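Visitor: This is the structure I want to talk about, given as structure tokens.
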Amino acid sequence: MRIFYNLNDFLKSNAHSGKFLITLGVFDGVHRAHQKIIRAMIKKAKRKYLSTMLITFDPHPANILKRRAKVPLLISLKHRLRLLNELGLDYVIVLRFTKRLSHTNAVDFIKNTLSKIHIDEIIVGRNFFFGRYKKGTFKELKKYGYRVSTIGAIKSSGKVISSTWIRNLILKGNLKKASSLLSRPVTVLGTVIKGHKRGRIIGYPTANINPHHEAIPPSGVYAVKIISAHRLYKGILNIGVKPTFKKSSGDRESTIEVHIFNFNKHIYGEDLEIIFVKKIRREKKFKDMFRLKKQIRQDEKFARRILH
């Protein structure tokens, strides 16, 4: 999969001369409904001997349009691109979503962006919209002469699957339902950063994770699987404020740290993909490090049974 981070780079490339089936949208989560659209496009492209292209946006439009607290992503751009590549797309163009782009109406977006790509057909969801005030729909695209196919929504329990619904499920800790809507386990992609190295002191070294603003489950201890450098490991993960080590009641900064079983490599700066399997317990404050270590030992035994 070739990735272009702006339209001009694509237009200057040798890919520009090709003809494409395209889809466009944020695709936050690359969930079941997104996968249905992408797979339909890939299937049709193979029949027509054409290439596939997905146009996506970053940052998330909601974080540009809303002045309130930022919306946590289901998955970061880096994570999104990894999943899109696994689906078998040929090309992705990432358009930077800015205030200026948010003020672009549907007609101008067609003229300034879509018209510069040799499009054979556009495939989108039936509830697709684009442009300022969400006024552009698949009907607008047809008006400008594009061949357009629409894909119906996928429902679960009578409700349309959406990124917002899945995001709320993860934040509330309903990982089973979220996984069902994603059609894969709930995962977080994060970079290993330096921590206080307290885990080493008690015999359980941990990797501290910066989760790239992705939506993460509630605080607690989880049995997890970890992908590092294309290899799969098992471990336990803690999300929370580490109350046993907390210096003051005002020290409320939440952290994510994972202990990987049978692992002793230096991985600072590397990306880990954390796969959530099961929540073991809530986060808890212990009287001393001895009691904490005893509990972690029990957590490890329980997690190993779950992950076996």
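Visitor: Identify, please: which residue in the stretch 130-149 is in contact with a strand residue (DSSP E or B) (Cβ under 6 Å, 6 or more places away or on another chain) and not charged (D, E, K, R) and is, among those, surrounded by the fewest Cβ atoms within 10 Å (Cβ to Cβ)?
Guide: So, considering only residues that are in contact with a strand residue (DSSP E or B) (Cβ under 6 Å, 6 or more places away or on another chain) and not charged (D, E, K, R), the one surrounded by the fewest Cβ atoms within 10 Å (Cβ to Cβ) is Ser149.
Visitor: Which of the numbered conditions does Leu74 fail, given that it passes all the others? Conditions: (1) surrounded by fewer than 20 Cβ atoms within 10 Å (Cβ to Cβ); (2) of a type outside the set (Asp, Glu); (3) under 24 Å from Gly131 (Cα atoms).
Guide: (1)
Visitor: Something else about it: Tell me which strands (runs of 3 or more DSSP E) are completely within the stretch 76-169 and hold 1 or more residues being assigned by TED's automatic domain parsing to the domain that holds Leu272 and within 26 Å of Lys44 (Cα to Cα), or say none if there are none. Quick ask: steps written out before the conclusion?
Guide: Working: elements: 91-96, 119-125, 148-151.
Ranges flagged: none.
Visitor: In addition: Just one of Leu50, Leu7, Leu65 is more than 27 Å from Tyr133 (Cβ to Cβ) and surrounded by fewer than 21 Cβ atoms within 10 Å (Cβ to Cβ); which is it?
Guide: Leu50
Visitor: Show the residue pairs meeting these rules: Cβ distance below 8 Å; 6+ apart or different chains; first residue within the stretch 25-47 and farther than 14 Å from Arg184 by Cβ; second residue small (Gly, Ala, Ser).
Guide: Sorted first by the residue in the stretch 25-47, then by its partner, the pairs are Gly25/Gly125; Val26/Ser163; Asp28/Ser163; Ile37/Gly125; Ala40/Ser149; Ile42/Gly88; Lys44/Ser149; Ala45/Ser51.
The values are calculated or read from the model by the stated rules, or taken from the named source; none is laboratory data. As the structure is a prediction and not an experimental result, all values here were calculated from the model. FYI the Cβ positions are ideal-geometry reconstructions off the backbone, even for glycines, and counts take in every protein chain you see.
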